[in-house]
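Just so you know, all these numbers are worked out from the coordinates, no wet-lab data involved. Since we're looking at a predicted model, the values are computed, not measured.
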Amino acid sequence: MGVSGDHRRRKAAVRDGVRLGLRGGIWGCPPGFEFALDNSLEEQARWIVEAYERMREWGFIEMAILWNLDFAPKGFGPEKDDNVLYSIVDTRGVPRPAFSALQAYLAALRPEP
């Protein structure tokens, strides 16, 4: 079943265990970007932290930038802009799990005073 504007179909699909790209209040994606609908917010959080852990282990990366901290509230909606799906805050500016996971990871790296 594809992403539909019909709210009843979306509720039924979620109830039946089919994920349709509900990513922190964001439904849908631009045409051709349907593959992104299979990732959960928890996976996004885990993979971002894992990427930072790997860079730290490698030892040769001195600075890493996570692009797209807040594109969801600034973008043109998930149906038109694939960048919205990557944001670590939702369309209302509320932090997603990736935001909190990255915040906790970086806080743990800080030396104690």
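Tabulated results
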| quantity | calculated |
| --- | --- |
| Gain on full stretching of the segment that runs from TRP47 to PHE60 - 0.36 nm per residue minus C-alpha separation | 2.7 nm |
| ³J(HN,Hα) computed for each position of the range 59-71 - Karplus, 6.51 cos²θ - 1.76 cosθ + 1.60, integer Hz, glycine/proline x | x, 9, 9, 8, 8, 10, 10, 9, 6, 6, 5, 9, 6 |
| Other-chain or far-sequence residues with amide H under 5 Å of VAL89's (modelled H) | PHE71, ALA72, ARG96 |
